[in-house]
Amino acid sequence: MHGARTGIAELSREAKTAGANYLLIGEIHKMSTLVGWAKYVLLDIRTNKPTCDRFITYRGDTGEAWDRAARFVANDIEKNCIP
C-alpha cells in the first residue's frame with residue numbers, strides 16, 4: 001500500500017514492472033450527502049502521457065448511485081481512453 005507521498009513516476013515504474021499498459025489515477029470527493037465528484041486520469045505507461053483526463057460529478061448517496069458512477073467511468077475509459 002502506498003502513502004500519499006508516493007509519486008506518479010514511482011507508481012508508473014511499478015505498473016510497468018508488473019506488465020501493465022495503463023495506470024489509472026483518481027480522486028473522489030463527496031461534497032455533500034447529495035453531490036460528489038470524481039477526477040481520473042489514465043496514463044499510458046509506454047509514453048508516460050495521459051490518454052484521458054476527466055472530471056465528473058455524480059448525485060446520490062446510495063450504493064446504486066456509486067455503482068452507476070463507477071459504471072459510467074469504466075465505460076468512458078473503455079470507449080474513449082484506451083486507443
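Show me 41-54, 17-30 ranked by packing, highest mean number of other Cβ atoms within 10 Å first. All intermediate terms of the calculation are to be shown ahead of the outcome.
Details: 41-54: 14.6, 17-30: 12.1.
Those peptides, ordered most packed to least, come out 41-54, 17-30.
Can you give the relative contact order of the chain as a percent, counting alpha carbon pairs under 8 Å and 6+ residues apart? Write down the numbers at each step before the final one.
Values: 100 pairs, mean separation 17.2, N = 83.
After rounding, I find 21 percent.
When the helix-only estimate is applied to the chain (DSSP H runs of n ≥ 4, each -39,500 (n - 2.57), divided by the residue count), what is the mean residue ellipticity at 222 nm, nearest 500 deg cm²/dmol? Don't skip to the end; give the middle numbers.
Values: 2 runs with 24 residues, N = 83.
Taking each H run of at least 4 residues, the total per residue is -9000 deg cm²/dmol.
How much length is gained if the chain between residue 25 and residue 11 is pulled fully straight, taking 0.36 nm per residue apart and subtracting their Cα-Cα distance, in nm to one decimal? Can you show the working numbers first?
On the way: separation 14, 0.36 × 14 = 5.04 nm, distance 0.95 nm.
Result for the pair: 4.1 nm of gain on full extension.
Going Cα to Cα from residue 30, which aspartates and glutamates come in below 17 Å? Please leave out same-chain ones fewer than 8 positions away.
List returned: 61, 64, 67.
Tell me, what does the Kirkwood hydrodynamic radius of the chain come to in angstroms if you use every pair of distinct C-alpha atoms? Working shown, then result.
Values: mean 1/r = 0.0717 Å⁻¹.
One over the average 1/r among Cα pairs gives 13.9 Å for the chain.
Straight distance only, please: which lysines reach the Cα of residue 79 with their own Cα at less than 22 Å, same-chain residues fewer than 8 apart left out?
39, 49
Read-outs throughout are calculated quantities, based only on the coordinates presented, and are distinct from any laboratory measurement. For clarity, every value in this text was computed on a predicted model and none was experimentally measured. Here the Cβ is made from the backbone with ideal geometry for all residues, glycine too, and neighbour counts use every protein chain on show.
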